[in-house]
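The structure under discussion appears below in the form of structure tokens.
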Amino acid sequence: MVFDARLFKKILGIAGGVILVLLIGALLQNEDKKISVSSAEIKGASDEFAVGDNLETGTAEGIDDEIPSNDDQESSDGERVETINQKSGFYDVVKVIDGDTITVDAGGKKETVRLIGVDAPETGAKKECFSKEAEESVKNILSDVSIELEEDESQNDRDKYGRLLRYIILKDGSNFNKTLIREGSAREYTYKTAYKYQKEFKNAENEARKAKKGLWNACYDDNNNHNSGGDEDRNSNNSLSSAPILGTSDCYCESNKYNCTDFKTHFEAQSI
């Protein structure tokens, strides 16, 4: 066989061309993969950014949920102010003057309070029957406690002596003025104008009178005549042993010195 150099060169040229084409194809395929991978990476990074953005948004929304709105804060402040106001409605009793008058601490200021609808025996220079017992009954309940004071629109804010006119409301919600009358530690008393609880207080007095409680037992007989009791106050010259029967023509003025000139008889004052 004769070696043909030309044919060999031609074969090598064709083989080289094929190899070159294959190499170029391989390179092109590799570049496509790189481009594809880059696109996927870009897409993945984009998705990751989107997810991160959503997470941040969700976190911000969660924070918004945790932080109260201005409306909530205003409501909370309103409740706090209301609570403060409620607390300021309670006053510490600093002194019991007698069976129907006390002194309270009103924000650092001492205020004398006269109980509405109540007439307790006097404890001053002219002691009245049952005055000591009435005063003690008040001290036993009101000493060193906090009370609420209730106004009455039908009455003046203060009497002519500058004393606050109020009902005493205990922490259990009971009306202390009424309790005094019901237990016979005081009489019902109306000054000029009917007050809010007048009917209740009058009924409480009738119950105490019938049951002979407190002063109704110690100071009055079965015919409603005032009698002298057995203790020191009742037997003294300053007791009410000479006081008239309720409803007689004389006006008995000792127990409420600021109302006597307004009525002709004690009965008239009590029947308003």
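The values are calculated or read from the model by the stated rules, or taken from the named source; none is laboratory data. It should be emphasised that the depicted structure is a prediction, and the values quoted were computed from it without experimental measurement. Heads up, the Cβs are rebuilt from the backbone with ideal geometry, glycines too, and the neighbour counts pull from every protein chain shown.
I'd like to check something: does the stretch 91-110 contain any residue that is crowded, with 17+ Cβ neighbours inside 10 Å, part of a strand (DSSP E or B), modelled with pLDDT of 95 or more and of a type in the set (Lys, Arg)? The answer is no; no qualifying residue exists. Please tell me if Lys139 is touching a helix residue (DSSP H, G or I) at 6+ places or on another chain (Cβ under 6 Å) and modelled with pLDDT of 95 or more. In short, no.
Screening the candidates Arg158, Arg187 for the property of being without any contact (Cβ under 8 Å) to a residue 60 or more places away in the chain and of a type in the set (Lys, Arg) yields one hit, Arg158. Going by the conditions given, is Ile63 surrounded by fewer than 20 Cβ atoms within 10 Å (Cβ to Cβ) and at pLDDT 90 or above? Here the answer is no, as Ile63 does not meet what is asked.
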